[in-house]
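S.K.: The structure is given below, and queries will be raised subsequently.
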Amino acid sequence: MDMSRRRFISMAACAAAAAALPMRASTASEPLRLVIPFPAGGVTDAVGRKVADGLREIWNAPIVVENRGGGSGIIGAAYAKGAPPDGRTLFFGYAGTHAANASLFKNLPYDPVADFTPIGLIADTPLLILVNGSAPFSDLRGLIAYAKAHPGKLSFGSQGNGAPSHLVLELFKERAGVSITHIPYKGLSQLVPDLLANRIDGYFAAPLGVTDHINSGKLRALALTATSHLPGLEDVPTTAEAGLPDFDYSSWFGLLAAGQIPEAKADVMSKDLESVVRSEPFQKWAQDRFLRPLASSRSQFADFMAEQTRLLRHIIVSTDITLD
């Protein structure tokens, strides 16, 4: 092999390595960005920041977290979409931005598939079927029987039209064959007080923030929308155990990169993310907040989002939910 050919091969190998390991070559003057489509504060923002902390250590590079909340995640997703496809802008995606919004909005200003590169899943949280402690039923079978006997009498709140707590309610109504009135709220500030005051009958809630009310008896957890129990909530039956088989629903989070970045770069980022999610500190941190860490490959995450998009499209179309 002549010298020119050796030099060419060496340069090509170096270029490939540089493309695959861009983060580890970062400097303080070139920070990465993580766009979180939620306001600062709250568990969702905390998950994104926890992941950023872990990746900072692996990449030895600064990661600036930018909160761009509002508009069902659209503001943040559209903002991230405009970044160069170089792997330096990351996006904290969830079921709204990368599954439901494609069906909820006719004129979505970003393409969940074409405008982002999936990196991997981070975590999810199944939901509790909560009712007031004075409800005239003590288990899920009783709720379903009561709802069938009194169509439309029960009311369940949600964090707004098209929110995960609304979509899971519509899925529950379909699977259980019941009629329950939906009451949309603008967030949790009034929803939980109304449930405690018995002004609404139920709510599909993330466990964090409501366990004290359950322990006090003010609220009753009838079931967990999962196939297995959550640590710390072992006494709460799964939906299958409570009488509604094949009902599994969770709010989930994943990491994406803005644009279609090179596969070698995405592969390295995915493996590093998986290391963070599988680490003992993250596992413990997540479990303490009733989150289930979900390490995945890039392809597994892409398939998962496609499956979730199909499921949520079915719910949204069949119930004629639209937000524009």
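The values are calculated or read from the model by the stated rules, or taken from the named source; none is laboratory data. Since this is a predicted model, take the numbers as computed values, not measurements. With ideal geometry, Cβ positions are generated from the backbone for all residues, glycine too; neighbour counts draw on all protein chains shown.
S.K.: Working carefully through the options Ser296, Ser275, find the one that is of a type in the set (S, T, N, Q), in the same structural domain as Ile63 (by TED's automatic domain parsing) and surrounded by fewer than 17 Cβ atoms within 10 Å (Cβ to Cβ). Give the derivation first.
M.R.: On the way: Ser296 fails: surrounded by fewer than 17 Cβ atoms within 10 Å (Cβ to Cβ).
Ser275 is the lone residue from the list that is of a type in the set (S, T, N, Q), in the same structural domain as Ile63 (by TED's automatic domain parsing) and surrounded by fewer than 17 Cβ atoms within 10 Å (Cβ to Cβ).
S.K.: OK, next. When you scan segment 248-271, do you find a residue that is over 30 Å from Ala78 (Cβ atoms) and of a type in the set (A, V, I, L, M, F, W, C), even just one?
M.R.: First, pick out the residues of segment 248-271 that are over 30 Å from Ala78 (Cβ atoms): 248.
Narrowing further to those that are of a type in the set (A, V, I, L, M, F, W, C): none.
Checking segment 248-271: not a single residue is over 30 Å from Ala78 (Cβ atoms) and of a type in the set (A, V, I, L, M, F, W, C).
Residue-wise test of (1) out of contact with any helix residue (DSSP H, G or I) (no Cβ under 8 Å at 6 or more places or on another chain); (2) buried (at least 22 other Cβ atoms within 10 Å of the Cβ); (3) modelled with pLDDT of 95 or more; (4) in the same structural domain as Glu66 (by TED's automatic domain parsing).
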position: Gly160; (1), (2), (3), (4): no, no, no, no
position: Glu170; (1), (2), (3), (4): no, no, yes, no
position: Lys186; (1), (2), (3), (4): yes, no, no, no
position: Pro193; (1), (2), (3), (4): yes, no, yes, no
position: Leu196; (1), (2), (3), (4): no, no, yes, no
position: His213; (1), (2), (3), (4): no, no, yes, no
position: Ser216; (1), (2), (3), (4): yes, no, yes, no
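S.K.: Can we say Phe304 is surrounded by 15 or more Cβ atoms within 10 Å (Cβ to Cβ), aromatic (Phe, Trp, Tyr) and part of a helix (DSSP H, G or I)?
M.R.: Criteria met by Phe304.
S.K.: Given the conditions (1) touching a helix residue (DSSP H, G or I) at 6+ places or on another chain (Cβ under 9 Å); (2) at pLDDT 95 or above, which single one is not true for Asp246?
M.R.: (2)
S.K.: For segment 307-324, how many residues are at pLDDT below 95, among the hydrophobic types (A, V, I, L, M, F, W, C) and surrounded by fewer than 18 Cβ atoms within 10 Å (Cβ to Cβ)?
M.R.: So the count comes out to 1.
S.K.: Going through segment 27-71 one residue at a time, which ones are out of contact with any Pro (no Cβ under 6 Å at 6 or more places or on another chain) and among the β-branched types (Val, Ile, Thr)?
M.R.: Within segment 27-71, Thr27, Val35, Ile36, Val43, Thr44, Val47, Val51, Ile58, Ile63, Val65 qualify.
S.K.: How about segment 34-50: which of its residues are touching a residue at least 24 places away in the same chain (Cβ under 8 Å) and more than 14 Å from the chain's Cα centre (by Cα)?
M.R.: Selection gives Leu34, Val35, Pro39, Ala40, Lys50.
S.K.: Of the numbered conditions (1) within 30 Å of Gly232 (Cβ to Cβ); (2) acidic (Asp, Glu); (3) under 18 Å from the mean Cα position of the chain (by Cα), Asp139 fails exactly one; give the number of that condition.
M.R.: For Asp139, the exception is condition (3).
S.K.: Let me ask you something else. List the number of the failed condition for Asp246; all other conditions in (1) within 28 Å of Tyr203 (Cβ to Cβ); (2) part of a helix (DSSP H, G or I) hold.
M.R.: Of the numbered conditions (1) within 28 Å of Tyr203 (Cβ to Cβ); (2) part of a helix (DSSP H, G or I), the odd one out for Asp246 is (2).
S.K.: Inspect all residues belonging to segment 272-290 and state whether any of them is closer than 13 Å to Leu121 by Cα, of a type in the set (Ser, Thr, Tyr) and in a helix (DSSP H, G or I).
M.R.: Yes, some residue in segment 272-290 is closer than 13 Å to Leu121 by Cα, of a type in the set (Ser, Thr, Tyr) and in a helix (DSSP H, G or I).
S.K.: Give segment 177-223 a look and list any residue that's of a type in the set (Asp, Glu) and touching a residue at least 60 places away in the same chain (Cβ under 8 Å), or say none.
M.R.: Asp201
S.K.: Please enumerate the residues belonging to segment 254-264 that are in contact (Cβ under 8 Å) with a residue 24 or more places away in the chain and surrounded by fewer than 22 Cβ atoms within 10 Å (Cβ to Cβ). Walk me through it before giving the result.
M.R.: Here is the first cut: in segment 254-264, the ones in contact (Cβ under 8 Å) with a residue 24 or more places away in the chain are 254-262, 264.
Correct list: Gly259, Gln260, Pro262, Ala264.
S.K.: Something else about it: Any chance you could count how many residues in segment 261-294 are under 23 Å from Ile58 (Cα atoms) and out of contact with any helix residue (DSSP H, G or I) (no Cβ under 9 Å at 6 or more places or on another chain)?
M.R.: 6
S.K.: So, one more: Please give the strands (runs of 3 or more DSSP E) falling wholly within segment 73-137 in which 2 or more residues are crowded, with 24+ Cβ neighbours inside 10 Å and among the β-branched types (Val, Ile, Thr).
M.R.: Numbers: elements: 89-94, 116-126, 128-132.
It comes to 116-126, 128-132.
S.K.: Of all residues in segment 93-121, count the ones that are out of contact with any strand residue (DSSP E or B) (no Cβ under 7 Å at 6 or more places or on another chain) and either at pLDDT below 95 or of a type in the set (Gly, Ala, Ser) (or both).
M.R.: Count: 8.
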